[in-house]
Amino acid sequence: MVLIKTKKEIPSSEITPEAVYLSRRKFIGQSSAVVAAGALAHSSLALPDSWIEDHGYEPGEEIGEDITPEKHATSFNNFFEFGTRKEDPAAHAHQMTVEPWSIEIKGRVEKPGKLSLEDVLKDIDLEERIYRLRCVEAWSMVIPWIGFPVKRVLDKYKPLSDAKYVKFTTLLRKDEMPGTKNLLSSIEYPYVEGLRLAEAHHPLAIFAIGMYGKVLPNQNGAPFRLVVPWKYGFKSIKSIVKIELTKRQPRTTWNRSAPHEYGFYANVNPEVDHPRWSQANERRLPERLFAPKRIKTKMFNGYDEVASLYEGMDLKKKF
Ligand SMILES: Nc1nc2c(c(=O)[nH]1)N[C@H]1C(S)=C(S)[C@@H](COP(=O)(O)O)O[C@H]1N2
Ligand SMILES: [Mo]
């Protein structure tokens, strides 16, 4: 179908721009397919069936990289607030109340405030983005997100000229998040992540509110999460309740927990190994027992268009 089932072999470095271009074209041709973000704000509402049919999510055989089947992307997760095993988020995240949801926007912005998710999403059009997700643990998936550029939201609240970083914070509600009660946890809660403002402004950085043509399941970070496809997965923080513009680099969860293992930048880089394992290759999920899919990891996860954000930087030091 339109997005992925093309006969042409799409070079993997182009899968996203190509997919985005095609989906935009599709949207322009059929105005009914452009879904106002507000329509997805309630988790009880799904995208119209016709939209899903138009896009067809069966994994394509023809392209170099198949979309990861939905059942794998929604049952093999990292969301430590619900436990550290891959199956824990799918088992426990239903306990998280996602309606109503509000997001506080504060710090170096002209218009701070606490807004309902519906207000944050007002006047924002949705796009589908098919992105690779490369976890620092050396596995990866290909996921069709539904979202919009981070910049669209930040612009509404007008960052001040001295804002240099964006800090994101996940919900912390202990009685709904069994993982946060673990006294031996390797990380602290609430989960915090951050980007330089220039990174957050890059058109590939999105907030997602859906995947596979539906609203986000809780285990994937409902109702509102970050997706930064050229960085390791831990930067793509889930279930965001606070966005803060800052002058200084925020202290982020995994970086605080083990600074020599998890840098603030966390760009996917096959030349900078994790102290305990190589980052040169990755396992593309799902794997079958006797058919492991080992592929070479690419610089910036294959998203070369972000390279200019790091010009003149030593990415071995700023890992
Ligand atoms: N709040 C929060 N966000 C999080 C995590 C987490 O434990 N808590 N895990 C991160 C990691 S390590 C990865 S790989 C991705 C996984 O996203 P997915 O489950 O949607 O594939 O979420 C990231 N966002
Ligand atoms: Mo990860």
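For first residues located in the range 134-154 and in the same structural domain as SER278 (by TED's automatic domain parsing) and farther than 22 Å from PRO69 by Cα, partners that are outside any strand (DSSP E or B) and within 16 Å of ligand 2 (Cβ to nearest atom) and lie 6+ apart or on another chain with Cβ distances below 9 Å form the pairs VAL150/VAL228.
Entry remark, the range 167-208: residues being closer than 20 Å to TRP101 by Cα and touching a strand residue (DSSP E or B) at 6+ places or on another chain (Cβ under 6 Å) number 11 in total. Scanning the range 77-107 for residues that are among the acidic types (Asp, Glu) and more than 24 Å from LYS167 (Cβ to Cβ) yields GLU87, ASP88, GLU99. Name the residue that is farthest from ligand 1 (Cβ to nearest atom), counting only residues in the range 210-264 that are in a helix (DSSP H, G or I) and within 11 Å of the chain's Cα centre (by Cα). Result: LYS235. For the range 188-202, name all the residues that are away from ligand 1 (no atom under 11 Å from the Cβ) and either part of a strand (DSSP E or B) or over 13 Å from the mean Cα position of the chain (by Cα) (or both). Listed by number, the residues that qualify are GLU188, GLY194, LEU195, ARG196, LEU197, ALA198, GLU199, HIS201, HIS202. If the condition is being under 23 Å from TRP254 (Cβ atoms) and assigned to a helix (DSSP H, G or I), then the range 121-153 contributes only VAL150.
Taking the residues in the range 254-294 that are of a type in the set (S, T, N, Q) and within 22 Å of LEU195 (Cβ to Cβ) as candidates, determine which candidate is surrounded by the most Cβ atoms within 10 Å (Cβ to Cβ).
Of the range 254-294, the ones of a type in the set (S, T, N, Q) are 255, 257, 267, 269, 278-279, 281.
The next check asks that each one be within 22 Å of LEU195 (Cβ to Cβ); those that pass are 255, 257, 267, 269, 279.
Working: ASN255: 21, SER257: 13, ASN267: 24, ASN269: 22, GLN279: 18.
The selected residue is ASN267.
The values are calculated or read from the model by the stated rules, or taken from the named source; none is laboratory data. If you're wondering where the values come from, they're calculated on a predicted model, not measured in any experiment. Don't worry about glycine lacking a Cβ; one is built from the backbone with ideal geometry, like all the others, and counts go over all protein chains shown.
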